[in-house]
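What follows is a short report on a single structure.
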Amino acid sequence: FLNFVKQKSTKHVLHMILGWLIFFIAVFWAYLPLFTAVFTFPLERAVITKERASKMYHLSAYFMARTLGDLPLDLLLPFVFMTIVYFMTNLQRTTTAFLLTLMTICLTVIASQVPCYFTVRSLQNVMT
């Protein structure tokens, strides 16, 4: 790695490091909802089973309520994290770039959350 750094300009190395930073941020916030879902549903399994047995509501209604109810808390951490990291790493300091980065991370969290809930719940149905 050091030979590569010596051969390239400082600006090129800085862009490479910032690219990896953005990649790891995106991957971290994409996988965090997976672990949240894995540890949430086993705790709620008895309640969900009893409510489904009494046909109180469909499973899709539970998923929508769970997703919309957790949305403010799920978006608060990425918002605070990106606000700190964005300015700490001296990324492009324009309002548009910051808001687009923040929106991308928040959409990543939302998009990875719903399939994780569905997958974990489906796997629990298969295992029982």
Virtual spin-label span in nm between residue 27 and residue 44, 7 Å along Cα→Cβ = 2.9
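State the percentage of accessible surface on the chain attributable to carbon and sulfur atoms; use a 1.4 Å probe and exclude ligands, DNA and RNA.
Details: 6730 of 9090 Å².
Whole-percent figure for carbon plus sulfur exposure: 74.
Below 8 Å between Cα atoms, with a sequence gap of 6+, how large is the relative contact order for the chain in percent?
Details: 50 pairs, mean separation 54.6, N = 128.
So the answer I get is 43 percent.
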Find, to one decimal place in angstroms, the Kirkwood hydrodynamic radius of the chain, where the mean of 1/r is taken over every pair of different Cα atoms and then inverted.
-> 17.3
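Please work out how much length the chain gains when fully extended from residue 11 to residue 107, using 0.36 nm per residue of separation minus the C-alpha to C-alpha distance, in nm with one decimal.
Working: separation 96, 0.36 × 96 = 34.56 nm, distance 3.00 nm.
Going from the current span to full extension adds 31.6 nm.
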For the chain, dividing by residue count, accessible area per residue (probe 1.4 Å) in Å² works out to 71
Among 119, 14, 89, the residue whose Cα sits farthest towards the positive end of the charge dipole of the chain, when +1 is placed on the Cβ of each Lys and Arg and -1 on the Cβ of each Asp and Glu, is 14
For every helix of n ≥ 4 consecutive DSSP H residues, a contribution of -39,500 (n - 2.57) applies; sum these over the chain, divide by its total residues, and give [θ] at 222 nm rounded to the nearest 500 deg cm²/dmol.
-> -31500 deg cm²/dmol
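The values are calculated or read from the model by the stated rules, or taken from the named source; none is laboratory data. These figures come from a predicted structure and were not determined experimentally. Methodologically, a virtual Cβ is constructed for each residue, glycine included, from the backbone with ideal geometry; neighbour enumeration extends over all protein chains shown. Note: accessible area is taken over every heavy atom of the protein model, side chains too, but ligands, DNA and RNA are not part of it. Shrake-Rupley method; radii C 1.70, N 1.55, O 1.52, S 1.80 Å.
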